[in-house]
Structures are given as C-alpha cells and as structure tokens.
1. Give me the net charge for the shell around Leu48: Cβ to Cβ below 13 angstrom, other residues only, Lys and Arg +1, Asp and Glu -1.
2. Where in region 29-50 does the amide nitrogen come within less than 14 Å of the point 7 Å from the Cα of Arg9, taken along Cα to Cβ?
3. Mind grabbing the accessible area of Lys7 for me, 1.4 Å probe, Å², rounded to tens?
Amino acid sequence: MYGEIKKFRSDIGIGIIAAENGHDYRFKHTEILNRRDDLEGQEVHFELGDLKAREIIVLAGSPWMAFGGGAL
C-alpha cells in the first residue's frame, strides 16, 4: 500500500501514515527499512499488520538508498 508520512515524533519514535485508501496508520521507527532523518511528508510503500504499518520503504532518493546502499 502507498501513503505519505503525515506526522513523526522522533523523540518517541512513532508516526502516522496517511494511506491511499483514506485511512491513517500508526508505525514505529523500527518498521522503516531505509532510515531517513526527514520523514514528514515523504511518500512510502508499506504492508499492513494488525492495523499498523510495517515493512515501510521511503520512496525518496535513489534505489540504492532504498535498499541500504551508500552514495557512490
């Protein structure tokens, strides 16, 4: 499923994704597969599990960064 990170509180590591289906889903920072500092407003792809977002991939940047690679 696709969505956008609507809010993220780095102090507690919890955020909300506004999904393409019109629902909002909570997530923990540990569910983000490719870490970024600037999460709010980023488009993401994620899976649903127990009504929470999991296996979140931030769609910004290069494909190498999405899968853990570094800058060349």
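1. Summing Lys/Arg as +1 and Asp/Glu as -1 gives -3.
2. Under 14 Å, as judged by backbone N against the label point of Arg9, lie 29 of region 29-50.
3. About 120 Å², ignoring ligands and nucleic acids.
The values are calculated or read from the model by the stated rules, or taken from the named source; none is laboratory data. These numbers come from a predicted model, not from an experiment. Glycine also receives a Cβ, built like all others from the backbone with ideal geometry; neighbour counts cover every protein chain displayed. Just the protein is used for accessible areas: all its heavy atoms, side chains included, with ligands, DNA and RNA removed. Shrake-Rupley method; radii C 1.70, N 1.55, O 1.52, S 1.80 Å.
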